[in-house]
Amino acid sequence: MLRIYITPEEITDHEAATVIKVLDAGWHMVHLRHPSASLRDMRRLIESIPMRYHRRLRIHGHFELVTEFNLGGLHLNRRCPTAPPYYSGPISRSCHTIEEVKSSTDCDYVTLSPVFDSISKQGYKAAFSHDQLLGLNDIHTPSVIALGGITPQHAEEISKYNFSGYAVKGAIDQFLNNQ
């Protein structure tokens, strides 16, 4: 299963160290998600992460940094819904409905959320029934990554659905401490 860590909204003082720790622990990808960060702040953050990890980083904005740092792709969302015209590399997308998943054929994977009640967003409840998640078995492209309320206990539960992996925001310490 693909394992993805999605950073908090705000850049933290120890973020580069956390990213390195996550990737060293065998996680496949880290999404740098900072919606209000300046281009300068994002550049500084990426520069503080060793170059050997750059291909395992996806960025949620400031897409010009993808080619500047040879990053592992970009992630589309409501704030940044389209890739720049010059870009032809890996793309992922945030989806909040099954219909959005089905229409995201241009992506190598999508996140579907919230699968469980969110840990990082208070009041953000699971949006899909058991039957809806079983319906993912009929979707063969793109790969679907479970997001929202994923804890080590839920990681095993999602294996009964057609998820290609899971993404974690709020419970990353629980995962790292269980390894």
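So the values come out like this:
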| quantity | calculated |
| --- | --- |
| Of all accessible heavy-atom area on the chain, the percent that carbon and sulfur account for (1.4 Å) | 49 percent |
| Normalised contact order of the stretch 134-179, rounded percent, pairs of Cα under 8 Å and 6 or more residues apart | 45 percent |
| Longest segment of the chain lacking GluC sites (Glu not before Pro) that sit in a DSSP loop with at most 16 other Cβ atoms within 10 Å | 11-179 |
| Net dipole in debye of the stretch 1-148 [+1 Lys, Arg Cβ; -1 Asp, Glu Cβ; about Cα centre; nearest 20] | 220 debye |
| Average accessible surface area per residue within the chain, 1.4 Å rolling probe, Å² | 49 Å² |
| Rough spin-label spacing in nm, given labels placed 7 Å along Cα→Cβ, for Glu9 and Ser129 | 3.2 nm |
| Alpha carbon Rg of the stretch 37-138, scaled by the compact-globule rule 2.2 N^0.38 Å | 1.23 |
| Nonlocal Lys pairs with alpha-carbon distance under 20 Å, the chain (8 or more apart, or different chains) | 4 |
| Calculated FRET efficiency for the pair Asn177/Leu39, C-beta based, R₀ 22 Å, to 0.05 | 0.05 |
| Value at 222 nm in deg cm²/dmol, rounded to 500, when DSSP H runs of n ≥ 4 in the chain each add -39,500 (n - 2.57) | -6500 deg cm²/dmol |
| Share of Cα-Cα pairs in the chain lying beyond 24 Å, as whole percent | 34 percent |
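The values are calculated or read from the model by the stated rules, or taken from the named source; none is laboratory data. If you're wondering where the values come from, they're calculated on a predicted model, not measured in any experiment. Cβ sites come from the backbone with ideal geometry, for glycine too, and all protein chains shown count toward neighbours. Surface accessibility is based on the protein's heavy atoms, side chains included, excluding ligands, DNA and RNA. Shrake-Rupley method; radii C 1.70, N 1.55, O 1.52, S 1.80 Å.
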